[in-house]
1. Each label point is 7 Å from the Cα along the Cα-to-Cβ direction; what then is the distance between the points at residue 248 and residue 271, in nm?
2. How large is the helix-only mean residue ellipticity at 222 nm for the chain, computed as the sum of -39500 (n - 2.57) over DSSP H runs with n ≥ 4, divided by its residue count, in deg cm²/dmol to the nearest 500?
3. Run the 1.4 Å probe and let me know the accessible area of residue 435, rounded to the nearest 10 Å².
4. Exceeding 27 Å between C-alpha atoms, which entries from my cross-link table qualify? They are 316/346; 333/485; 457/526; 460/526; 526/620; 526/561.
5. How large, in percent, is the carbon and sulfur part of the accessible surface of the stretch 3-221 at a probe radius of 1.4 Å?
6. Which whole-number percent is the relative contact order of the chain (Cα, under 8 Å, 6+ apart)?
7. Which value, in Å² and to the nearest 10, is the accessible area of residue 268 when all protein chains are kept and the probe is 1.4 Å?
8. How much accessible area per residue does the chain have, in Å², with a 1.4 Å probe?
Amino acid sequence: MNRAIQASFDNYMATGDIGVIAICLVMVILLMTSYVSRTRSFRIFMSIIGFLVGASLVNIGCHSLLLKNDPALYNLAYAMHVLYHALLFIVFFLFALYTTVVSGMERRRARSVAIAAAALFVGIVGVDVFRAATGAGFKIVEGRMVICNVNLFTIGYVLYILLLLVLLRRVQNLLYKRVLYGFYGTMAVSVLIRFGQLAVDQSSLTTMTFVFPVIAMLYIMHSNPYNVTLGSVDVRAMEDMVRNMYARKVPFIYLSLLLPDYDSEGKELPDEIRASVRRFSGDYFRSGVLFQIGNGQVVLMVPTRRNPDYEARIEKILESFQRQYRRFRLPYKIVIGESVDEISRKNEYASLIRSIQRGLPENTVYRVGPEDIARFNREEYILSQLADIYNRRDMNDPRVLAFCQPVFNLQTGRFDTAEALMRLRLDEAGMVFPDQFIPLAESHGYIHVLTEIILHKTCKEIGRLTEEGYQIARISVNVSVLELKDDDFCGDINHIIQSNSIDGGKIAIELTESGSEADFILMKEKIEQLRGQGIQFYLDDFGTGYSNMERIMELPFDIIKFDRSLVIASGVGERSERIVENLAHMFRDMEYSVLYEGVEDEGDEARCRGMSASYLQGYKYSRPVPIERLRNFLPKAG
Ligand code: C2E
Ligand code: CA
Ligand code: CA
């Protein structure tokens, strides 16, 4: 027996394997106490940990048997030794499987990788068993495991490492570069330790070398700082980076790309687009970091000092983006800006970008300027006031103003109805008009409380007017379709009307058509419920969207409000006038009343009168006025 070979398994100490078990336990504890998505790759990861613990236990067991130096136990020791190898090769096999899963490799290719890795496993373990059985592989001599001839385990180890390297190269275009480097680096450490210990006749750390890649997996994939296929980090990481750069007074620029088609719950960017975004993140700027802050939204942050020529680089990246656009033809919104202390201090880039995007037409590139920052600050202020109004739920909140626009009734020849329109009066923003706060209130869930306040103020005023002897048929209040989703909607409306002791018939609700089937069902349900109390319903803004006539006819509206765009269209030419006229006529035939909105002058009025109008509303008669001034328009009884 050759002494050098004989010594190669001599110096085993259980510390390495005990260390492996301990580290695996720690990882399991960490995973149990943190949030991890239970993906397929995570399940593979957990089974790897299981097999590693198993391998360590078997290895410890095998060596303690050897220590007993009892020939009766030799066969068991052989079996355990072979089992130990088999378990480690299973871990290798799972590494390969894991790589195909996280890289999202195409099914067919993933299957052939799995087959290759499995074949390697069967081959090596088969030969190992055969050699153990025939005594050709290793022998136990005086309580020591002695390797004979070729070290098969080392050959298997090397073959698997090669397989993994080939595999990683294969998927390098599917994974973010830094993630790949993380794995290459860890593998290098493992291989170094494995062969380093061979050189000094050690074997205690073999199992440990399998743990390093597992730690890398835990850190990179399951504690999840990276979106591995995009190479991005999440919005919290972005806030972290902003905080850091602000503290160090490092100026930066940000480039945001929104793909509206993918920016909703459950949507994911297709692989091709990921690949393209991934390239954008690394190829144009030095030290840029990419963040994914929405399903269809990424932001690249770039320190300007490292990129003094950033203007030229922005030009380049945009040019190349246009080339990509010609390929994918997906609608986009790009926002580019430079860091501003005020926004950095409040760490509000995500909201700033979103706020700018809201008003941005699709397929535009927008450079943020000082006026955008001012507008954003105003919006934030309005939003904080809305939140406060919402939280107080004070029906008499002085910040919410009810304005009213009188409506001319052609049948009675009087102004006996009106539309309630909301404004806000805020200390630091002055008078705020609906276009500046209704969308905000809707998207933050504050709209219903505002409606309640307007309805309450309207009911109160109707009560007062009636008491004073004015004749008011009804006042209509605008309601957002979103509000109908709340089960309490009808109850809230009824409660306000009743607590003001007015008749339901004095109130109308204006709703705008929505494209969705679910909204249609909701509308129908709520309209039918509230009609019982005498409340009338108006279809608002008819002519602004793609109207679905069949659906409109199914909803029991009383009045159809023709939008100002139709009033304008009817003045453009004979053909369009005929269209509007016929539409109005048809509604009238179906016993709806037609109200024209936005009647601004005599010409508008004359045309509308000739087109089946029942009501007219617009600047020609009055702009919206504070609700107390409505009495100037109303007839008095007697
Ligand atoms: P809307 O319901 O279509 O209201 C009519 C808008 O047209 C009002 O704008 C009104 O001032 C304006 N208008 C009236 N006559 C004319 C005219 O002759 N020419 C032109 N060009 N415009 C005219 P306002 O008050 O700024 O309201 C804008 C929108 O905000 C409203 O459109 C409505 O959708 C929304 N809104 C207003 N108040 C409320 C509310 O209390 N609740 C909800 N949910 N939305 C509201
Ligand atoms: Ca309206
Ligand atoms: Ca309208």
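The values are calculated or read from the model by the stated rules, or taken from the named source; none is laboratory data. This one's a predicted model, so the numbers in the text were calculated from it and none came from an experiment. Glycine gets a Cβ as well: all are built from the backbone with ideal geometry, and neighbour counts include every protein chain shown. Remember, those area values only see protein heavy atoms, side chains included, never the ligands or the DNA or RNA. Shrake-Rupley method; radii C 1.70, N 1.55, O 1.52, S 1.80 Å.
1. Roughly 3.7 nm, to one decimal.
2. Values: 22 runs with 341 residues, N = 638.
Theoretical 222 nm ellipticity from helices: -17500 deg cm²/dmol.
3. Its heavy atoms expose roughly 120 Å² to the probe.
4. Details: 316/346 31 Å; 333/485 30 Å; 457/526 22 Å; 460/526 23 Å; 526/620 34 Å; 526/561 19 Å.
Flagged as over cut-off: 316/346; 333/485; 526/620.
5. On the way: 7280 of 10520 Å².
Whole-percent figure for carbon plus sulfur exposure: 69.
6. On the way: 903 pairs, mean separation 57.0, N = 638.
So the answer I get is 9 percent.
7. My reading of the accessible area for residue 268 is about 130 Å².
8. Working: 30440 Å² over 638 residues.
Heavy-atom SASA per residue in the chain reads 48 Å².
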